[in-house]
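Written out below as structure tokens is the structure these notes cover.
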Amino acid sequence: MSATSPRIPAAIRRPQDAEVHRTDAVTMRLLIDSEETGGSVSTLEVTMAAGADGATPHYHTRSDELFYVADGELQVLAGDEIVTVAAGGAITVPRFMPHAFGAAPGSPARILIALTPAVQRFGYFRLLERVAHGEATLEELAATQDEYDNHFVDAPRWWAERTAGRR
């Protein structure tokens, strides 16, 4: 192997081959996970209905997270700041920083998420779908925090902002 030869093959996911999971207002397309990239990155696409909640407040200890907004507007908690990012924008959240996201009020959103370095996470998204459909419990989800490096935190300001104006 020469110095310019890749150490792993390119990871390719064609649109029709993506694994898809859904809740009432969110669709998750699992693109490429850790084992396919030698642990360098894990990616998924998330589509949210207008104003839909995406991820509850949490942080990661082993990965930084990139959010690229492909369509619509994304509302994001990043540490103590709540920002809205429009289509074409991006935000990175470093490990240990509490964060959450959802489609901005009145707007749908479609985003690409990349976690680097990667942690096997697709099992987490499969479990989220099962929780949403009543096939698994929140206790089961909480029990996976270390496995999937997704540690939940309380963020009252985030929830006050997200629920303002909802009936």
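On the stretch given as the stretch 70-85, residues that are open to solvent by less than 50 Å² (accessible area, probe 1.4 Å) and either hydrophobic (A, V, I, L, M, F, W, C) or out of contact with any Gly (no Cβ under 6 Å at 6 or more places or on another chain) (or both) total 10. Residue-level analysis places residue 101 outside the set of residues that are of a type in the set (Phe, Trp, Tyr) and in a loop (DSSP other than H, G, I, E, B). Just to be sure before I move on: is residue 20 closer than 17 Å to residue 123 by Cα and either free of Cβ contacts under 8 Å to residues at least 40 places away in the same chain or among the charged types (D, E, K, R) (or both) in the structure I sent? The answer is yes for residue 20.
Here is the figure for the stretch 86-139: residues that are more than 14 Å from the chain's Cα centre (by Cα), open to solvent by less than 20 Å² (accessible area, probe 1.4 Å) and under 19 Å from residue 155 (Cβ atoms) total 1.
Total residues in the stretch 54-69 satisfying the condition of being touching a Lys or Arg at 6+ places or on another chain (Cβ under 9 Å) and buried (at least 16 other Cβ atoms within 10 Å of the Cβ): the figure is 5. Among the residues that make up the stretch 7-16, is at least one of them of a type outside the set (D, E, K, R), over 14 Å from the mean Cα position of the chain (by Cα) and either closer than 29 Å to residue 157 by Cβ or open to solvent by less than 20 Å² (accessible area, probe 1.4 Å) (or both)? Within the stretch 7-16 (the criterion being of a type outside the set (D, E, K, R), over 14 Å from the mean Cα position of the chain (by Cα) and either closer than 29 Å to residue 157 by Cβ or open to solvent by less than 20 Å² (accessible area, probe 1.4 Å) (or both)), the answer is no, since none of the residues qualifies. Taking the criterion of being touching a Leu at 6+ places or on another chain (Cβ under 8 Å) and in a strand (DSSP E or B), would at least one residue in the stretch 120-140 satisfy it? Taking every residue of the stretch 120-140 in turn, none turns out to be touching a Leu at 6+ places or on another chain (Cβ under 8 Å) and in a strand (DSSP E or B).
The values are calculated or read from the model by the stated rules, or taken from the named source; none is laboratory data. Source: prediction; values computed, not measured. Note that each Cβ is placed from the backbone with ideal geometry, even for glycine, and that neighbours are counted across all protein chains shown. The protein model used for the area step is the full one, side chains on, heavy atoms only, and it has no ligands, DNA or RNA in it. Shrake-Rupley method; radii C 1.70, N 1.55, O 1.52, S 1.80 Å.
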